[in-house]
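Let me begin by presenting the structure, written as structure tokens, before commenting on it.
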Amino acid sequence: MLLAEVAGQRGNLRLGARAYLDMAQSTRDARLAKRATELAMMGRFSDISAEAASVWLELEPESQQARQALLANLVGNNRVSDAKPVLQKMLAGDKARAAALFLQLPPVLARQADKAAALRLVQDLAQPHAQLPEARLAVAQTAANADNFALAETEVDKALQPRPSFEGAALFKAQ
């Protein structure tokens, strides 16, 4: 632990993150996995941060913070298909936060190189939540980003049907 902390403080984030990850794997301590994830993300070591976040989530399966760290890593590294089960679990686990999560998806996925894959992901995620206007808006925004404007228009209309005063959808439709 001393090696990991000193390495991190001296700017060798890779060594620090790797040491924390090794300790987390051997001790099965979620706090060490969290620290490994933090150091790896600070150093932008996607290989270590994805592994550390996976270990952290395995050790603390109910941790939203661990799930978000893993998700950020997967999406940030164009691993959209790997992010799908993580997102499905997030949406299923917290129905109250599903709307907020759907609103966060399009801006995060906008940076993806494969726009069609991002659209398929959002469509798959939105399917069980079709009654949720935010899910429809997420599909609409992602479709527009993928240059599928017909789908975007259809989905934004569906987002406005149950809630005509949905400001985000109304603004998007106007655009």
Fill in: Difference of contour (0.36 nm per residue) and Cα-Cα distance, Thr154 to Arg44
35.7 nm
Worksheet item: Per 5 Å bin, what percent of the C-alpha pairs of region 74-171 does each bin hold, from zero upward?
Response: 2, 15, 27, 26, 18, 9, 2, 0
Worksheet item: What lysines could a cross-link reach from Lys115, if we take a straight Cα to Cα line under 25 Å and drop same-chain neighbours fewer than 8 places away?
Response: Lys84, Lys89, Lys158, Lys173
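What length, rounded to one decimal in nm, is gained on full extension from Gln175 through to Gln123, with 0.36 nm per residue of separation minus their alpha-carbon distance? Working shown, then result.
Working: separation 52, 0.36 × 52 = 18.72 nm, distance 2.12 nm.
The Gln175-Gln123 span can extend by a further 16.6 nm.
Heavy atoms only, probe 1.4 angstrom, no DNA, RNA or ligands counted: give me Met41, Met23, Met90, Met1 ranked by accessible area, highest first.
Met1, Met41, Met23, Met90
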Worksheet entry | Convex hull volume per residue for the chain, taking Cα atoms only, in Å³ | 111 Å³
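Return an integer: the convex hull volume of the alpha-carbon atoms of region 6-67, in Å³ per residue.
Details: hull volume 4.0 nm³, N = 62.
In region 6-67, the Cα convex hull volume per residue is 64 Å³.
Helix-derived [θ] at 222 nm for the chain: sum -39500 (n - 2.57) over DSSP H runs of at least 4, divide by residue count, nearest 500? Provide the component values of the computation, followed by the final result.
Numbers: 11 runs with 138 residues, N = 175.
Taking each H run of at least 4 residues, the total per residue is -25000 deg cm²/dmol.
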Response to the item:
Distance in nm between Gln131 and Asp147 label points, each 7 Å along Cα→Cβ, equals 3.8 nm
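If R₀ is 41 angstrom, what is the calculated FRET efficiency for the pair Ser81 and Leu2, using the beta carbon separation as r and rounding to 0.05? Could you put the intermediate results ahead of the total?
Working: r = 39 Å, r/R0 = 0.96.
Between Ser81 and Leu2 the formula returns 0.55.
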Worksheet entry | Label-point gap, in nm, between Gln9 and Ala96 - each point 7 angstrom along Cα→Cβ | 4.0 nm
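The values are calculated or read from the model by the stated rules, or taken from the named source; none is laboratory data. This structure is a prediction, so every number in the text was calculated from the model and none was measured. Neighbour counts run over all protein chains shown; Cβ positions are idealised from the backbone, glycine included. Protein only, heavy atoms only, side chains kept; ligands, DNA and RNA dropped before computing areas. Shrake-Rupley method; radii C 1.70, N 1.55, O 1.52, S 1.80 Å.
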